[in-house]
1. Give Y146, Y140, Y104, Y112 a once-over and let me know the one that is hydroxyl-bearing (S, T, Y), surrounded by fewer than 13 Cβ atoms within 10 Å (Cβ to Cβ) and under 18 Å from M47 (Cβ atoms).
2. Going through Q74, Q120 one at a time, which residue ends up being in contact with a Lys or Arg (Cβ under 6 Å, 6 or more places away or on another chain) and either without any contact (Cβ under 8 Å) to a residue 40 or more places away in the chain or under 21 Å from D34 (Cβ atoms) (or both)?
3. Looking only at region 47-66, count how many residues are in a loop (DSSP other than H, G, I, E, B) and open to solvent by less than 80 Å² (accessible area, probe 1.4 Å).
4. Whether any residue in region 30-37 is assigned to a helix (DSSP H, G or I) and open to solvent by 10 Å² or more (accessible area, probe 1.4 Å) is what I want to check.
5. Can you spot a residue in region 110-128 that is basic (K, R) and in a strand (DSSP E or B)?
6. Within region 148-173, which residues are farther than 20 Å from E30 by Cβ and in contact with a helix residue (DSSP H, G or I) (Cβ under 7 Å, 6 or more places away or on another chain)?
7. Just one of D153, D137, D63 is within 17 Å of the chain's Cα centre (by Cα) and at negative phi; which is it?
8. Is there any pair with a first residue in region 36-61 that is within 11 Å of D175 (Cα to Cα) and a second that is β-branched (V, I, T) whose Cβ atoms are under 7 Å apart and which are 6 or more apart or on different chains, and what are they?
Amino acid sequence: PKKVKKKEYHARSIDTQKTLTMDQILILLEASRDTPIHMQILLNVLMGLRRREINGVKYSDIDYINRTLKLRRQLGKKINTKKEDFPPKTFTKQELGLKTPSSYRDIPIPDYVFEAILEQRKIYERNRSRRKSQFQDDDYICCSSYGRSRGKDFHFKYYKRLLKENNLPDIRWHDLRSTFCTLLLKNDFNPKAVSKLMGHAKEIITMDVY
């Protein structure tokens, strides 16, 4: 006979050890303001986007009237391709479809993030005007000063340094997405609505994972 106590079916269990508190989020946002990954952090912890989705977001995906974001692509490596078939430093930066059909979603942009996007757009335009012959005008929000898209691991060294320098928990980058979801659930947001924001196929995935 089984002696292990049976877990309640699909019980909501929130692991706060792998997430940040609201106060910690504010510290991270302020500390990252002068780093190249500020926008990536905003799109992760305040909108719940996946890493490759963040790198694929373009200014043309923004509905500036309704303040919504259309997620339509991610950047990554195409299946069954070779590195030598692509220009240097572009092998893992190919535009791909999203993870699942439910990943294609329109999500509201918080005011804080919307204002940051507008400021980032000004920087993008200045760089494009200043470096006309060298600028790669691909419209990515998260890009270098030459307009080049970010690699999948670009954020890592900056992110870990921010956590250490500000005495924040040493959590994974993906745990910022978990933080976004967890905060919504802890504040009694409808699980079905949260599932749609996260791009999950079913509500039960949101509840089981987060």
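The values are calculated or read from the model by the stated rules, or taken from the named source; none is laboratory data. Computed from a prediction, not measured in an experiment: that's the story for all the values here. Positions of Cβ are generated from backbone atoms using ideal geometry, with glycine treated the same way; all protein chains shown enter the neighbour counts. Areas reflect the complete protein model, heavy atoms only, side chains present, ligands, DNA and RNA absent. Shrake-Rupley method; radii C 1.70, N 1.55, O 1.52, S 1.80 Å.
1. On the way: Y146 fails: under 18 Å from M47 (Cβ atoms); Y140 fails: surrounded by fewer than 13 Cβ atoms within 10 Å (Cβ to Cβ); Y104 fails: surrounded by fewer than 13 Cβ atoms within 10 Å (Cβ to Cβ).
Answer to the check: Y112.
2. Q74
3. Here the count works out to 5.
4. Let us first name the residues in region 30-37 that are assigned to a helix (DSSP H, G or I), namely 30-32.
Still in the list and also open to solvent by 10 Å² or more (accessible area, probe 1.4 Å): 30-31.
The answer is yes; a qualifying residue exists.
5. Looking through region 110-128, none of the residues is basic (K, R) and in a strand (DSSP E or B).
6. S149, R150, K152
7. D153
8. Taking only residues 6 or more apart or on different chains, the pairs are N44/I54; V45/I25; V45/T179.
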